[in-house]
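One structure below.
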Amino acid sequence: MRAWSPVARRNAAGLAAVYLWRPLWLARHAVPAYTAVRRVRRETKRACDERREAGPDGGMRLNRDDPAAGWILLALRMGAWSVLLPLLKRLVPLRRLARVAWARSDRTREPRREREIVRLSAALPRLRLPRREANCLERSLLAYRFLAQANADPTLVVAVRRSDDAVVGHAWVTVDGLPVHEREAAVREFVPLVEFGRRGLPVGRPAATKELPERWE
């Protein structure tokens, strides 16, 4: 996860090249994102129609207890967000994007659904092309949104560590105090900059959000 473009830092020509490239990048990602949202809407409607069954009163109702239907709808919604996140993280400041990603819920926690969300949030960004652009921030924002929707009360952590010649950034999500995508030992060497909790608001040190870059690569 890079908070700036190395090309832009080289010289004025590099900075100009980055600014000229941005409109092309936005066009290349905005069209697939819009197409994916439209496709998800169509697929969701079709899946709902196929999973409807007659109710006791002769009407129609959605069979929400069908695990297959629930998984399909979840995968479709998460797939749409996995396409949108590369665009959003470059257009929306992270402190605002965390609030956008948060989803309120009053549903009962289900460990099975939380495991499905974790698996899908790890897999979906890697399926998008080009794969090299998927990173820990996109994966974490995806999990953060849908774990919040599952009433798991997730926390989004943004942290850094120093390597030999650079500062390395990392992001992950915790539920019940534990990382959901990796072992606790894997993130122990990182120093948290800010943690986003309920409603996408910073926890502990709200002022730390001012230290975050406006845009993320």
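The values are calculated or read from the model by the stated rules, or taken from the named source; none is laboratory data. In this text the structure is predicted, and so the values were computed from the model without any measurement. To get the accessible areas, we keep the full protein, side chains included, count just its heavy atoms, and leave off ligands, DNA and RNA. Shrake-Rupley method; radii C 1.70, N 1.55, O 1.52, S 1.80 Å.
Numbers below:
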| read-out | value |
| --- | --- |
| Probe 1.4 Å, all protein chains present, accessible-area order of Trp71, Trp172, largest first | Trp71, Trp172 |
| Ranking by accessible area, most exposed first, for Ser105, Ser140 with a 1.4 Å probe | Ser105, Ser140 |
| Contour excess over end-to-end distance, with Cα ends at Arg162 and Arg188 and 0.36 nm allotted per residue | 8.1 nm |
| Accessible surface ranking that places the most exposed of Glu189, Glu182, Glu116 first, with a 1.4 angstrom probe | Glu189, Glu182, Glu116 |
| Length added when fully stretched, Ser105-Leu201, from 0.36 nm per residue minus Cα-Cα | 33.0 nm |
